[in-house]
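The values are calculated or read from the model by the stated rules, or taken from the named source; none is laboratory data. Quick caveat: nothing in here was measured; it's all calculated off a predicted structure. Glycine also receives a Cβ, built like all others from the backbone with ideal geometry; neighbour counts cover every protein chain displayed.
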Amino acid sequence: MEKVFVVGLSKTGTTSLHAALEKLGLHSIHNPEAMLSIEKGELAFSPALAERYDALSDLPIAAYFRELDRAYPSARFILTTREEAGWLASCANHFDPSAFRPNAIVRRLVERVYASPVFDAELFRAARHRHDAGVRAYFADRPGKLLIIDTAQADKWEPVCEFLGLPVPDALYPHENRASRVPTPLKRILRHVRHGVRRMLGAS
């Protein structure tokens, strides 16, 4: 099967789509930060990790979709979208500077995509418009290469499965990272714990 690259920005349903692709039997990875490195003080990207997976999603993939298209010319791309007000609110929570403590690579990635390492409504809004328009324009003359999925649309399984040539599963479409599941203060605590664990693992 061709590679599948999910090129939607943060908080546009990429985690849910990652879970959906796994339900379809694809070997999928979400937020593959290992594709990134800092070389000579600059953020660098390598598509080599994609060899180990059928599907890859989230910000590293969105930021480098052109490079991935060149590396995998038979790949398919899915752009996830979301209504702006809800997306901005979700980004404000996720990239809250009081809780968002990215490592050097992630910080540079976020700054590369959004022109700011932490949430800024105007910069994020402009980046989202720029990214979505760029993806649509890039694939405009190759309609069979790109599928656009809105988080608000009722039926997601059918267009995803038709696009990938796979049968629709007898299961609910996943809905991951619901903002209402965990109160914001607890989310911040959990983020601190996760970052602490990552630092410990990195030092071991």
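A few remarks follow.
- Verdict on Ala179 being over 18 Å from Phe95 (Cβ atoms), modelled with pLDDT under 95 and not charged (D, E, K, R): no
- Test: residue in the stretch 152-160 that is more than 18 Å from Val7 (Cβ to Cβ) and at pLDDT 95 or above: yes
- Of all residues in the stretch 55-80 being hydroxyl-bearing (Ser, Thr, Tyr) and farther than 13 Å from His30 by Cβ, the one that is surrounded by the fewest Cβ atoms within 10 Å (Cβ to Cβ): Ser74
Yes/no per residue for (1) of a type outside the set (Ser, Thr, Tyr); (2) free of Cβ contacts under 8 Å to residues at least 60 places away in the same chain; (3) not in a loop (DSSP other than H, G, I, E, B):
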{"position": "Ala44", "(1), (2), (3)": "yes, yes, yes"}
{"position": "Ala50", "(1), (2), (3)": "yes, yes, yes"}
{"position": "Arg66", "(1), (2), (3)": "yes, no, yes"}
{"position": "Ser74", "(1), (2), (3)": "no, no, no"}
{"position": "Phe77", "(1), (2), (3)": "yes, no, yes"}
{"position": "Asn93", "(1), (2), (3)": "yes, no, yes"}
{"position": "Pro97", "(1), (2), (3)": "yes, yes, no"}
{"position": "Phe100", "(1), (2), (3)": "yes, no, no"}
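- Selection status of Glu22, among the acidic types (Asp, Glu) and in a loop (DSSP other than H, G, I, E, B): no
- Considered as a group, the residues in the stretch 105-144 that are touching a Ser or Thr at 6+ places or on another chain (Cβ under 9 Å) and β-branched (Val, Ile, Thr) include one that is farthest from Pro32 (Cα to Cα), and that residue is Val113.
- Among the numbered conditions (1) in contact with a Leu (Cβ under 7 Å, 6 or more places away or on another chain); (2) within 25 Å of Pro143 (Cβ to Cβ); (3) in a helix (DSSP H, G or I), the only one that Leu109 does not meet is (2).
- The stretch 134-148 residues that are farther than 17 Å from Pro159 by Cα and at pLDDT 95 or above, paired with ones that are surrounded by fewer than 16 Cβ atoms within 10 Å (Cβ to Cβ) and of a type outside the set (Ser, Thr, Tyr) (beta carbon under 8 Å, 6 or more apart): Tyr138/Arg66
- Residues being touching a Leu at 6+ places or on another chain (Cβ under 9 Å), farther than 19 Å from Val113 by Cβ and of a type outside the set (A, V, I, L, M, F, W, C) - total across the stretch 28-66: 3
- The stretch 28-50 - residue that is crowded, with 18+ Cβ neighbours inside 10 Å and among the small types (Gly, Ala, Ser) and, of those, farthest from Arg70 (Cα to Cα): Ser28
- Leu164 vs. criteria in contact with a Phe, Trp or Tyr (Cβ under 9 Å, 6 or more places away or on another chain) and modelled with pLDDT of 95 or more: no
- Residue in the stretch 8-15 that is over 23 Å from Phe124 (Cβ atoms), touching a residue at least 12 places away in the same chain (Cβ under 8 Å) and buried (at least 21 other Cβ atoms within 10 Å of the Cβ) present: no
- Checklist (1) over 13 Å from the mean Cα position of the chain (by Cα); (2) more than 19 Å from Val160 (Cα to Cα) applied to Ala75, failing item: (2)
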